[in-house]
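*Asks:* Take a look at this one; I'll ask things after.
The values are calculated or read from the model by the stated rules, or taken from the named source; none is laboratory data. Model, not experiment: these values are computed from the prediction. Heads up, the Cβs are rebuilt from the backbone with ideal geometry, glycines too, and the neighbour counts pull from every protein chain shown.
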């Protein structure tokens with residue numbers, strides 16, 4: 001019997017945190033073969049030279065980003081690039097028949113005017129952008145399965161939306177009262193030199209940033225508006241905490257039915273995510289920790305009700321680099337290819 005064919009995939013922007021997670025995860029994926037790694041600043045270097053801990057597992061070199069060559073060799077291409085670059089490459093890859101999964105913000109918005117207002121980049125690919133599907137499988141699984149272009153969600157939106165979705169979809173809260181307080185490790189800012197990410201700055205400290213103007217706000221609002229059936233504005237405040245991986249998003253909202261108790265909501269959440277293998281709804285009185293999700297594609301959700309204030313509190317914990325980035329992109333790939341949604345993804349984290 002001949003060797004079964006594996007799908008050839010490529011990664012553009014392989015040297016960043018998102019890229020190295022993709023490389024690591026795709027090495028263990030039984031249905032794919034990595035045939036291309038692309039970048040700009042490290043052309044010609046061995047990926048093992050950039051990441052010595054993977055040198056024994058791959059001998060691929062970083063190559064120039066040439067869409068025609070990439071499309072000739074790859075059926076699927078992951079774009080792990082800074083905002084504003086994927087939209088220059090994706091149209092050429094799509095024209096050649098590639099499936100494209102973009103980890104930046106370029107294809108997350110149905111309205112490119114919103115993208116331009118928040119990211120400051122004018123776009124000429126509106127027709128192509130209109131075909132993109134937002135890559136949150138727990139909400140858009142069927143659409144992802146039929147898509148050629150996926151706009152993979154940001155890590156903060158992933159954690160926040162998984163906490164909010166059942167509340168909005170089932171009409172359990174007054175939508176305008178929703179507040180998201182989210183905290184992330186330093187890797188959420190990528191592999192770049194920033195003063196606030198230095199150990200001397202971040203250690204033994206916690207700080208909010210981009211208050212009232214974080215770029216993930218319109219992304220969260222877009223999906224919340226879709227779920228609620230009308231335009232919504234959401235209060236979202238991110239914080240940087242002194243750890244490498246993980247996001248904990250805590251959502252507060254006033255309940256539309258103050259008679260509901262914690263166990264009612266746990267039942268509702270469990271039913272909402274009953275077909276979602278990567279979401280774990282915690283039991284009564286159990287609140288998730290980021291360490292639980294470390295290294296896995298899981299999202300842990302805890303639910304509480306404060307009868308005194310009439311508010312629900314939902315806590316969502318993920319690994320920002322896996323479920324919040326590379327793992328979720330592979331989860332979308334599995335759906336696009338008709339494979340099991342859990343294929344090739346880590347089901348258990350490392351603890352402690």
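*Asks:* Here is a check on your reading of the model: is residue 340 under 22 Å from residue 145 (Cα atoms) and modelled with pLDDT of 95 or more?
*Replies:* Against the criterion (under 22 Å from residue 145 (Cα atoms) and modelled with pLDDT of 95 or more), residue 340 qualifies.
*Asks:* A further question on this structure: Restricting attention to the range 118-142, and to residues there that are touching a residue at least 60 places away in the same chain (Cβ under 8 Å) and assigned to a helix (DSSP H, G or I), which single residue is farthest from residue 170 (Cα to Cα)?
*Replies:* Ranking the candidates gives 119 first.
*Asks:* A follow-up question, please. Has the range 160-168 got at least one residue that is buried (at least 16 other Cβ atoms within 10 Å of the Cβ) and without any contact (Cβ under 8 Å) to a residue 60 or more places away in the chain?
*Replies:* no
*Asks:* Looking for something closer than 25 Å to residue 132 by Cα, in contact (Cβ under 8 Å) with a residue 40 or more places away in the chain and buried (at least 16 other Cβ atoms within 10 Å of the Cβ) - is there at least one such residue anywhere in the range 52-71?
*Replies:* yes
*Asks:* Just need a number here: residues in the range 95-130 that are at positive phi and either crowded, with 17+ Cβ neighbours inside 10 Å or modelled with pLDDT of 95 or more (or both).
*Replies:* Of the residues in the range 95-130, 1 are at positive phi and either crowded, with 17+ Cβ neighbours inside 10 Å or modelled with pLDDT of 95 or more (or both).
*Asks:* Can I ask one more? (1) within 16 Å of residue 22 (Cβ to Cβ); (2) in a loop (DSSP other than H, G, I, E, B); (3) touching a strand residue (DSSP E or B) at 6+ places or on another chain (Cβ under 9 Å): which one isn't true of residue 108, the others all being true?
*Replies:* Status for residue 108: all satisfied but (1).
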